[in-house]
Amino acid sequence: MTDVFVIGGGVIGLATAIALSQRGASVTIVERDLCGRGATWAAAGMLAPEAERLEGDLLDFGIRSRDMYPQWIANLMRLSGQDCGYWCCGMIAPILMEGDRQVLSQHPKYINREESHKRQSGLGDSILGSLWLSEDGQVNNRKLTQALLTAARSLSIKILEGTTVYEIVRDRDRVTHLDTSAGKLQSDRYILATGAWTRSLMPLPIKPIKGQMLSVFDGDRKLQRVIYASNCYIVPRQDGTIVIGATVEDNGFLQGNTAAGIAQLLSNAIAIYPAIADMQIMETWWGFRPHAPNEVPLLGKSDYENLILATGHYRNGILFAPITAKWLTDFIVDGIDNSINQK
């Protein structure tokens, strides 16, 4: 018997399982594929509540989670002994249209064209100015995934990979068990952290939004800031890899990269940072973001008293992981219900 079953082994499921375990709970993760191979693996790892232009409670939620990152990463590194590629490198959000420049020139974080080029050399001529977001940064999402897995195993969290949940079996207002490819699984509590695949198990308003991405290699490592434009983002890793993303496609679970999608990303990225034109393409991939109404994740209570929701993080699963894990753990262990959905 385990205290909590976490359905879904992405960054949200892993982070929450670790937080619960560190508060004394016995936790099992059930993952239909390999842990961290969905949206978590496909992401760019940006920690960008300001660059994303989040608003209201969601912006506050994102900033609070971003501010938790140094301590959260330190805990993961202590548990796993692995680097997560956490880098508070700052972000440039370039302004590409004169109308936008006139509006944003009053923003407290606005910098002009000349100052933008001082913050990051090599920017394209199309950039009229930018917002300089010094506190936004990044984490290497694939290194983070490995560290989360190692940390989970160090805490004796049981991980059932390649285990499909066919049904969450309910009786009145409670979940009784999970019907899975490994048989019947039963626990006191269940956490639904299934991301874009949530509707296969529960009739919740989550849908997949596909994103195509690619990476190039910058041997000179001259790009030292994340560039977050309205039509693409460009994320330099410390090893010289540059991640470029991402398309936004509402076409279900249609897989694969397309020539048009990759061409669009490259064209936009080269206009913003022209040196990319001469860089070697390393990899292309795609993933499915879990979109919830108004882009607000579904956290906390469900219609069933022992089923907790942790899904719909859309573009911000990596960013929201620390605060989601803390709030769900506070809810389960201490009964504190302070999630964003209750505001």
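Values quoted throughout were computed directly from the atomic coordinates according to the rules given, and no laboratory measurement underlies them. The structure displayed is predicted, hence computed values, not measured ones. Positions of Cβ are generated from backbone atoms using ideal geometry, with glycine treated the same way; all protein chains shown enter the neighbour counts.
Order these peptides, 293-299, 269-275, by their mean beta-carbon neighbour count within 10 angstrom, highest first.
Details: 293-299: 18.3, 269-275: 20.6.
The packing order, highest mean first, is 269-275, 293-299.
How are the alpha carbon pair distances in the range 243-343 distributed across 5 Å bins from zero to the largest one, expressed in percent?
Values per bin, smallest distances first: 2, 10, 17, 16, 12, 12, 10, 9, 6, 4, 1, 0.
Along its three principal axes, how long is the range 255-297 when you only count alpha carbons? Whole Å, largest extent first please.
39, 23, 17
If you line up the long axis of helix 317-329 against the longest principal axis of the chain, both from Cα atoms, how many degrees apart are they, to the nearest 10?
The angle comes out at about 30 degrees.
Report, to two decimal places, the Cα Rg of the range 162-294 normalised by 2.2 N^0.38 Å (N = number of residues). Walk me through the intermediate numbers first.
Numbers: Rg = 20.0 Å, N = 133, 2.2 N^0.38 = 14.1 Å.
That ratio works out to 1.42.
Can you list which of the trypsin sites (Lys or Arg not before Pro) found in the range 44-119 are DSSP loop residues with at most 14 other C-beta atoms within 10 Å? Walk me through the intermediate numbers first.
Values: sites: Arg53, Arg64, Arg66, Arg78, Arg101, Lys109, Arg113, Lys118, Arg119; in loops: Arg53, Lys109.
Answer by residue number: Arg53, Lys109.
With a ≥ b ≥ c the root eigenvalues of the C-alpha gyration tensor of the range 67-156, is it rounded (a/c under 1.5), prolate (a/b larger than b/c) or oblate?
Numbers: a/c = 3.81, a/b = 3.10, b/c = 1.23.
Because a/c hits 1.5 or more and a/b exceeds b/c, the range 67-156 counts as prolate.
Can you say what percent of the DSSP beta bridges in the chain, counting only those with both residues inside, are antiparallel? Round to 5.
Percentage antiparallel, nearest 5: 70.
Return one number: the angle in degrees, 0 to 90 and rounded to the nearest 10, between the long axis of the Cα atoms of helix 11-22 and the longest principal axis of the Cα atoms of the chain.
With rounding to tens, the tilt is 50 degrees.
Rounded, prolate or oblate: pick one for the range 151-218, where a ≥ b ≥ c are the square roots of the eigenvalues of its C-alpha gyration tensor, a/c under 1.5 means rounded, and failing that, prolate if a/b is larger than b/c, else oblate. Don't skip to the answer; put the middle values down first.
Working: a/c = 2.63, a/b = 1.46, b/c = 1.80.
Here the range 151-218 falls in the oblate category.
Dividing the Cα radius of gyration by the Kirkwood radius, what Rg/Rh value follows for the chain?
On the way: Rg = 20.4 Å, Rh = 20.7 Å.
Using only Cα positions, Rg/Rh for the chain is 0.98.
If packing is taken as the average count of other Cβ atoms within 10 Å, what order do 132-139, 254-261 fall into, highest mean first? Intermediate results must be reported in sequence, preceding the final value.
Values: 132-139: 20.8, 254-261: 11.9.
Highest to lowest by the protection proxy: 132-139, 254-261.
Given the Cα-Cα distance of Arg174 and Glu161 and 0.36 nm per residue of separation, how much length would full extension add, in nm? Provide the component values of the computation, followed by the final result.
Details: separation 13, 0.36 × 13 = 4.68 nm, distance 2.52 nm.
That works out to 2.2 nm of additional length.
Along each of its three principal axes, how wide is the spread of alpha-carbon positions in the range 1-153, in whole angstrom units, largest first?
Principal-axis extents of the Cα atoms in the range 1-153, largest first: 61, 31, 27 Å.
Output the 0 to 90 degree angle, nearest 10, between the alpha-carbon long axis of helix 56-80 and the longest principal axis computed from the alpha carbons of the chain.
Approximately 70 degrees, to the nearest 10.
Mind ordering 223-232, 311-320 by average Cβ neighbours within 10 Å, highest first?
On the way: 223-232: 20.8, 311-320: 26.0.
Order by mean packing, descending: 311-320, 223-232.
Quick check on the range 106-180: take the gyration tensor over C-alpha atoms, sort the square-rooted eigenvalues as a ≥ b ≥ c, and tell me if it's rounded (a/c under 1.5), prolate or oblate.
Here the range 106-180 falls in the prolate category.
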